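> One structure is given below, represented as structure tokens, and several questions about it will come after.
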Amino acid sequence: MDYGNFLCYRISTLARKIAKAHNLLCTEYGITASQSFVLFDLLKNEGSSVKEIAANLQLDSPAITGYVDRLIKEDLVYRAEDSADRRVYRLYLTDKGRKLAEILLPKTRELHLKIIDIIENDSDALERAITKLEKELLQD
């Protein structure tokens, strides 16, 4: 079998193409797709720690720390010491960060809907397959 037909290759290639489309959307606003997911997570879970965001986004804490550092530099996020545990910092959106997240979230949702439209009636089957793959292959 030719490697071009391997599902791992095809899924990886497709994921890169989707990520590229999302990244192009985000770069119009001066951030990366990965940084947008941090903003979206904070929009939903204001006051999260780096560790909590990492768990939600299924990334490691050092990666999230890098994204957060750049978001802080762009005045989109700020850190505040946790009153219960001084070793932990809580992250919050600035007004600028909240506005950007609220602009980007519907645009990202449009990309999601475009993908759903492309796969038409097969979206439920794809969702079940992705969920099963995540459960079986991506266990930590």
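> Within the range 103-130, count every residue that is closer than 23 Å to A54 by Cβ and either at pLDDT 95 or above or of a type in the set (S, T, Y) (or both).
3
> Does the range 60-71 contain at least one residue that is part of a helix (DSSP H, G or I), out of contact with any strand residue (DSSP E or B) (no Cβ under 7 Å at 6 or more places or on another chain), at pLDDT 95 or above and among the acidic types (D, E)?
The answer is yes; a qualifying residue exists.
> Name the single residue that is surrounded by the fewest Cβ atoms within 10 Å (Cβ to Cβ) among those in the range 120-140 being over 17 Å from the mean Cα position of the chain (by Cα) and of a type in the set (D, E).
D140
> Would you point out which residue out of D95, D82, D117 is in contact with a Phe, Trp or Tyr (Cβ under 7 Å, 6 or more places away or on another chain), loosely packed, with under 15 Cβ neighbours inside 10 Å and either in contact (Cβ under 8 Å) with a residue 12 or more places away in the chain or more than 20 Å from R16 (Cβ to Cβ) (or both)?
D82
> Suppose the filter is buried (at least 18 other Cβ atoms within 10 Å of the Cβ) and farther than 24 Å from L137 by Cα; does V50 pass it?
On the way: buried (at least 18 other Cβ atoms within 10 Å of the Cβ): yes; farther than 24 Å from L137 by Cα: yes.
Answer is yes for this residue.
Residue-by-condition table, conditions (1) farther than 30 Å from C8 by Cα; (2) among the acidic types (D, E):
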{"position": "G47", "(1), (2)": "yes, no"}
{"position": "G66", "(1), (2)": "no, no"}
{"position": "K73", "(1), (2)": "yes, no"}
{"position": "D82", "(1), (2)": "yes, yes"}
{"position": "R86", "(1), (2)": "yes, no"}
{"position": "K99", "(1), (2)": "yes, no"}
{"position": "L104", "(1), (2)": "no, no"}
{"position": "L126", "(1), (2)": "no, no"}
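> Show the residue pairs that are 6+ apart or on different chains and have beta-carbon atoms under 7 Å apart, the first residue being within the range 4-23 and under 16 Å from I130 (Cα atoms), the second being among the hydroxyl-bearing types (S, T, Y).
Y9/Y3
> Now for a separate question. Would the range 62-81 turn up any residue that is more than 20 Å from the chain's Cα centre (by Cα) and over 26 Å from T27 (Cβ atoms)? Reasoning before the result, please.
So in the range 62-81, the residues more than 20 Å from the chain's Cα centre (by Cα) come out as 80-81.
Checking the rest, the ones that are also over 26 Å from T27 (Cβ atoms) come to 80-81.
The answer is yes, given that some residue of the range 62-81 is more than 20 Å from the chain's Cα centre (by Cα) and over 26 Å from T27 (Cβ atoms).
> May I pose another question? Do we have any residue at all in the range 89-107 that's over 17 Å from the mean Cα position of the chain (by Cα), closer than 16 Å to G30 by Cβ and of a type in the set (S, T, Y)?
Checking the range 89-107: at least one residue is over 17 Å from the mean Cα position of the chain (by Cα), closer than 16 Å to G30 by Cβ and of a type in the set (S, T, Y).
> Can you tell me which residue is farthest from V88 (Cα to Cα) among those in the range 1-49 that are among the hydrophobic types (A, V, I, L, M, F, W, C) and outside any helix (DSSP H, G or I)?
So, considering only residues that are among the hydrophobic types (A, V, I, L, M, F, W, C) and outside any helix (DSSP H, G or I), the one farthest from V88 (Cα to Cα) is M1.
The values are calculated or read from the model by the stated rules, or taken from the named source; none is laboratory data. Not measured: the values here are computed from a predicted model. Positions of Cβ are generated from backbone atoms using ideal geometry, with glycine treated the same way; all protein chains shown enter the neighbour counts.
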